[in-house]
Every structure is written in C-alpha cells, then in structure tokens.
Amino acid sequence: MWNPRLIVLQPTPYCNINCEYCYLGNRDDRRLMAADVVDAIRDKLFSRLAPYAAPRIVWHAGEPTAAPIAWYEYAYQTLQAAAPPDATFAIQTNGVSISQAWIDFLNGSKTQVGMSIDGPQRFHDRWRKTRAGTPTWSLVTSNLRKLQSAGLHPSVISVLHPECLSAPDEFYRFYRDNDIDQISFSIDEREGANSISSFDEGDYKPAMAAFLREILSLAFSEGYPLHVRDIERIALVLAGKAPAYNEQVNPWDVIAVATNGDVTSFSPEFMELKSAEHDNFCFGNILQNSFDDLLNSATCKTTTDEISAGVELCSKHCRYFGICGGGSPSNKMSENKSLVSSETSFCRLSIQAAADALVEFLRGRSVTLTCSPETPPF
C-alpha cells in the first residue's frame with residue numbers, strides 16, 4: 001500500500017495576483033481541473049493509500065480560491081470519503097479572495113489554511129501586487145483577521161529578499177501584532193518562470209542566519225510562542241525526536257497532480273520545470289495511466305537514479321547532510337542544471353542558515369524549545 005506524506009493537487013494554474021518573483025509559468029491559464037481528473041485521483045491514487053497513511057493533501061499552485069466553491073464541493077464529496085481517516089486537507093492561498101462564503105466552506109470542510117504574506121507592509125506590497133499593479137497587504141491582512149475571528153488560524157509563508165534581512169525586528173512585530181504563531185520562510189528562488197533571484201548577487205547566508213537568530217531571540221525574550229517551521233524541523237532532528245527524513249528525494253513520498261492530470265513526484269515544483277531529458281518531469285497522466293504505470297515509468301526511474309546520485313554527493317561533501325538528507329531536487333535542477341549535484345543557494349539560505357541560526361541561538365543559553373507536533377509543509 002502507498003503511504004505518501006504530501007499530495008499536492010492543482011485546481012487551476014490561474015493566479016489572480018501578479019507577484020514579481022512567481023515561479024508559475026501558466027498563471028494566466030484559467031482552466032479548472034475537470035471532474036474526470038478528480039474521479040481518477042480517487043480511483044487510481046486514493047484507492048492505493050494505506051489505511052494508516054496520513055498524507056497532507058494540499059490545494060496549491062496557482063491560486064486555489066480562483067476555483068469556485070462549487071468545484072470544491074464536488075472535489076471534497078469525491079475525495080474525502082476515499083481518503084484514510086488521518087489524512088488532512090489544506091489550502092495555500094494568497095488571501096485576496098477570502099470571503100464569508102469561503103470562511104464557511106473552509107470551516108465546514110475542516111480545511112487547514114496557509115496564507116502567503118511577505119511580512120510587513122513595505123515589503124509585502126513591493127512584490128505582491130494585483131494584476132492591475134495595486135498593493136495587496138491591507139486586503140490580505142484584513143482577510144487574515146476574518147479567518148482568525150472565525151476560528152481559523154492560518155500558518156503563514158513569507159518569501160524573503162535580501163532587503164528583508166536587515167529588518168528582523170519588523171518581521172517579528174508583524175507576526176506578533178497580527179497573532180500569527182506558525183510561520184515559515186521561503187526565499188526568492190531561481191526556479192521555473194523566475195529565472196533570476198535577487199540572492200544571486202552575493203553570499204547572504206550569514207545575513208540570513210542572523211535574521212533568523214534575531215527573530216528567535218525576540219520571540220524568546222518576550223515569551224511569544226512563535227513556531228518557525230524551518231527551525232523546528234531541525235530542532236526536532238537534533239533533539240532526537242524525528243529522523244532527518246527528506247521526502248523530496250524518495251519517489252512517491254510526494255506526488256503532485258496538475259490541472260490536466262499530469263503527475264510528478266519528488267518536488268511539487270517539478271510541474272513547472274522544463275527538461276527534455278526528463279519529459280519535463282511528467283511521469284504520466286492520471287487519465288491515461290494506471291498507478292503502476294506511473295510508478296514504473298522510464299522517466300520516473302531515470303529521475304530516481306539521478307536524484308539518488310545527487311543525494312550521494314550531498315552525503316559525501318555537505319556537513320549539513322544529517323539534518324537535510326539531500327536537498328531539493330527541483331532547486332538542484334533549476335540552479336545547477338543537474339539532479340546529480342549537491343549544494344544550491346536554496347540549501348545555503350533555507351537549510352544551512354536555519355541550522356546555524358538555531359545553534360547560535362542556543363549557544364550560551366539553557367533553553368528547551370517547544371516544538372509544534374506537526375508543522376505544515378506549505
């Protein structure tokens with residue numbers, strides 16, 4: 001039986017805003033996932049889930065709320081009954097279109113919510129604008145408060161740029177003052193349609209570590225229970241509470257299904273990468289192929305072998321391997337143009353800097369970190 005950790009489903013490629021750093025190449029495409037694709041996910045994927053499996057099933061990539069609630073009503077009716085009891089459903093949203101109808105639906109369907117908010121207004125509004133070029137921070141934070149008032153407490157992802165790293169105090173106050181206690185950080189990545197990163201111009205690892213360390217210090221000094229996913233995952237590994245497991249390097253621990261039914265594994269971002277040698281990382285189509293076809297595809301085997309070779313390189317050359325397990329294949333492909341490679345800028349800024357920040361924070365302190373029992377992957 002199949003026991004994945006993460007299932008990413010793409011209701012639509014369309015996004016209703018225009019973030020400057022977006023990696024999605026088809027965000028103008030308004031197609032919706034057809035009912036027969038939803039049915040095939042139930043019949044070919046969910047039917048193979050182990051009864052003890054506890055996957056996180058995430059609606060993501062483009063903006064999920066661009067699909068109508070009626071579409072989700074059918075999708076949930078089709079998929080929830082077929083999912084194992086411990087599966088959870090979640091949505092990752094930019095927050096622009098959240099309405100009372102959406103709040104009622106999310107509460108009624110027990111859907112966990114993640115929001116993308118790039119911290120304080122001056123940073124968020126620089127990069128996250130509507131398609132007409134207007135800022136989105138005021139609308140998004142207003143909708144955040146509506147969700148919180150309704151008993152939904154979104155986790156938040158903030159994408160960082162070099163300019164952000166000099167303002168950890170502003171970011172901390174933003175989270176504290178808006179009652180946000182579950183956060184994770186991403187970076188402006190060179191990936192997919194975003195071919196240039198603002199971090200390409202220098203070595204920002206020390207500044208990133210200092211940024212994270214200061215946020216930890218501010219939360220600790222005030223006793224604010226801020227859970228930073230990037231830090232807590234490493235803390236659990238170092239404390240012996242969790243293995244250094246990397247689901248992105250193991251086939252079918254992660255699966256992503258695109259709007260048209262195309263299927264990939266490993267990194268969900270593979271849906272956006274182009275590589276003729278890997279059939280654009282498409283391992284099959286849920287309408288045309290069986291589950292066994294997907295597992296046994298030649299493209300999947302080639303990709304698996306190359307990712308394993310890359311992990312071997314990481315294990316030999318990277319002192320952070322014990323907390324990482326081999327990096328992100330999509331970032332290796334995007335930055336190094338090869339899966340058979342090791343360190344990336346993403347590794348340095350997202351994993352290594354987080355580990356350094358934690359070690360530096362704990363040095364000289366007698367601290368017991370209280371880690372959230374489950375931190376969301378999006």
It is to be established whether one or more residues within the range 64-77 are out of contact with any Asp or Glu (no Cβ under 6 Å at 6 or more places or on another chain) and either at pLDDT below 95 or closer than 27 Å to Tyr245 by Cα (or both). no
Under the condition of being out of contact with any helix residue (DSSP H, G or I) (no Cβ under 9 Å at 6 or more places or on another chain) and either of a type in the set (Asp, Glu) or part of a strand (DSSP E or B) (or both), which residue from the range 1-34 is surrounded by the fewest Cβ atoms within 10 Å (Cβ to Cβ)? Asp28
Given the residues Gly326, Gly310, which is the only one that is crowded, with 19+ Cβ neighbours inside 10 Å and in a loop (DSSP other than H, G, I, E, B)? Gly326
Exactly one condition in (1) part of a loop (DSSP other than H, G, I, E, B); (2) under 30 Å from Ala219 (Cβ atoms) is false for Ser338; which is it? (2)
Here is a list: Gln100, Gln92. Which entry is buried (at least 16 other Cβ atoms within 10 Å of the Cβ), among the polar types (S, T, N, Q) and modelled with pLDDT of 95 or more? Gln92
The range 53-79 - residue that is over 19 Å from Phe291 (Cα atoms) and over 22 Å from the mean Cα position of the chain (by Cα) and, of those, surrounded by the most Cβ atoms within 10 Å (Cβ to Cβ): Trp71
Out of the residues in the range 35-59 that are among the hydrophobic types (A, V, I, L, M, F, W, C) and touching a helix residue (DSSP H, G or I) at 6+ places or on another chain (Cβ under 7 Å), which is farthest from Ala193 (Cα to Cα)? Phe46
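Conditions tested, residue by residue: (1) surrounded by fewer than 18 Cβ atoms within 10 Å (Cβ to Cβ); (2) over 27 Å from Glu335 (Cβ atoms); (3) touching a Leu at 6+ places or on another chain (Cβ under 8 Å); (4) not basic (Lys, Arg).
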| residue | (1), (2), (3), (4) |
| --- | --- |
| Asp230 | no, no, yes, yes |
| Ile234 | no, no, yes, yes |
| Asp253 | no, no, yes, yes |
| Gly261 | no, yes, yes, yes |
| Pro268 | no, no, yes, yes |
| Asn280 | yes, no, yes, yes |
| Phe283 | no, no, yes, yes |
| Ser290 | yes, yes, no, yes |
Could you check Phe220 against (1) under 28 Å from Leu152 (Cβ atoms); (2) surrounded by 18 or more Cβ atoms within 10 Å (Cβ to Cβ); (3) out of contact with any Phe, Trp or Tyr (no Cβ under 7 Å at 6 or more places or on another chain); (4) not acidic (Asp, Glu) and say which number it fails? (2)
Sort through Phe270, Phe283, Phe266, Phe185 and tell me the only one that's over 27 Å from Met1 (Cβ atoms), in contact with a strand residue (DSSP E or B) (Cβ under 8 Å, 6 or more places away or on another chain), in contact (Cβ under 8 Å) with a residue 12 or more places away in the chain and among the aromatic types (Phe, Trp, Tyr). Phe185
Do we find a residue being out of contact with any helix residue (DSSP H, G or I) (no Cβ under 8 Å at 6 or more places or on another chain) and buried (at least 20 other Cβ atoms within 10 Å of the Cβ) anywhere in the range 135-153? yes
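The values are calculated or read from the model by the stated rules, or taken from the named source; none is laboratory data. Everything numeric here is computed off the predicted structure, so don't read it as measured data. Using ideal geometry, Cβ is built from the backbone for each residue, glycine included, and neighbour counts are taken over all protein chains shown.
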